[in-house]
Every structure is written in structure tokens, then in C-alpha cells.
1. Select from the stretch 92-117 the residues that are touching a Gly at 6+ places or on another chain (Cβ under 9 Å) and farther than 14 Å from C22 by Cβ and list them in ascending order.
2. For L18, all conditions in the list (1) open to solvent by less than 70 Å² (accessible area, probe 1.4 Å); (2) closer than 15 Å to G108 by Cβ; (3) modelled with pLDDT of 95 or more hold save one; what is the number of the exception?
3. Within the stretch 77-92, can you find the residues that are open to solvent by less than 10 Å² (accessible area, probe 1.4 Å) and either of a type in the set (K, R) or in a strand (DSSP E or B) (or both)?
4. Quick one: in the stretch 29-45, of everything that is under 19 Å from K74 (Cβ atoms) and surrounded by 20 or more Cβ atoms within 10 Å (Cβ to Cβ), which residue is farthest from the chain's Cα centre (by Cα)?
5. Does V62 count as open to solvent by less than 10 Å² (accessible area, probe 1.4 Å) and in a loop (DSSP other than H, G, I, E, B)?
6. Please tell me if I51 is under 12 Å from V2 (Cα atoms) and open to solvent by less than 30 Å² (accessible area, probe 1.4 Å).
7. So, of the residues in the stretch 65-75 that are within 16 Å of V33 (Cβ to Cβ) and in contact (Cβ under 8 Å) with a residue 24 or more places away in the chain, which turns out to be least open to solvent (accessible area, probe 1.4 Å)?
Amino acid sequence: QVQLVESGGGLVQPGGSLRLSCEASRSIFSIDVMGWYRQAPGKERELVAVILTGETNYADSVKGRFTFSRDNAKNTVYLEMNSLQSEDTAVYYCNAKIISDGVRNYWGQGTQVTVSS
């Protein structure tokens with residue numbers, strides 16, 4: 001089992017920045033894959049960034065603007081978001097996958113990011 005708690009969302013103007021945090025209830029060393037997803041109104045949930053076997057991959061729409069990082073000592077991952085655009089408005093979710101006899105998915109409660117002037 002993994003509990004994930006996100007924080008850091010809010011309202012920001014276009015061109016602004018936000019940093020999201022996701023704290024896990026267990027060591028993130030024991031989690032096989034960690035990622036950030038987002039879901040805009042009326043759209044499907046989409047992958048934003050994922051750390052897999054030490055390599056970080058980003059959706060094309062956020063490359064060069066978002067940075068996914070981790071603090072192992074705090075069991076926390078972060079999503080630094082810069083140059084935010086209105087298209088980035090969504091609920092952002094932290095995800096953890098544990099691969100053992102199949103894949104178990106765990107989700108945070110989500111945090112709202114609104115980019116608007």
C-alpha cells in the first residue's frame with residue numbers, strides 16, 4: 001500500500017511558475033515507477049512526466065518547461081512547472097506503480113492548477 005498526498009496547486013498567471021509536491025507514505029526507493037498525470041475538464045487523464053529506472057520522460061507539451069525531481073530522504077517527488085500556459089490548467093495527480101505479480105496503481109487526491117489572468 002502507498003498513500004500519496006499532493007500539495008502546491010493554485011492560481012497563477014500565464015508565464016508564471018508553481019511547484020507541486022507529492023509525499024509518499026513509504027520509501028520511494030520501494031516504488032517502481034512514479035509519475036505525474038493531469039486531467040483537464042472534459043478531457044482524459046494524460047501523462048505529464050514519469051521516472052522509470054532512473055530515467056525521466058516528459059510529455060511533448062511540457063518538455064523544457066516542467067521538471068520532475070525527487071528527494072529520497074523526504075519520500076517526496078516534485079513537479080516544477082515554469083512558463084505556465086492556460087492549456088496547463090488541470091487537476092494534477094501523483095501516481096505510484098508497484099510491479100509485483102502484476103501492476104498496482106496508487107493515486108493521490110489531486111491538486112488543482114489554474115492558469116489564468
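1. Hits for the stretch 92-117 are Q112, T114, V115.
2. (2) is the only condition that L18 fails.
3. V77, L79, M81, A90, Y92
4. The selected residue is I31.
5. So V62 fits the description; yes.
6. Taking the combined requirement at face value, the residue does not satisfy it.
7. For the stretch 65-75, the residue satisfying everything is F68.
The values are calculated or read from the model by the stated rules, or taken from the named source; none is laboratory data. Nothing here was measured: the structure is a model prediction, and the numbers come from that model. A quick note on method: Cβ atoms are made from the backbone with ideal geometry, for glycine too, and the neighbour counts reach across all protein chains shown. Accessible surface is based on the protein model in full, side chains and every heavy atom, while ligands, DNA and RNA are left aside. Shrake-Rupley method; radii C 1.70, N 1.55, O 1.52, S 1.80 Å.
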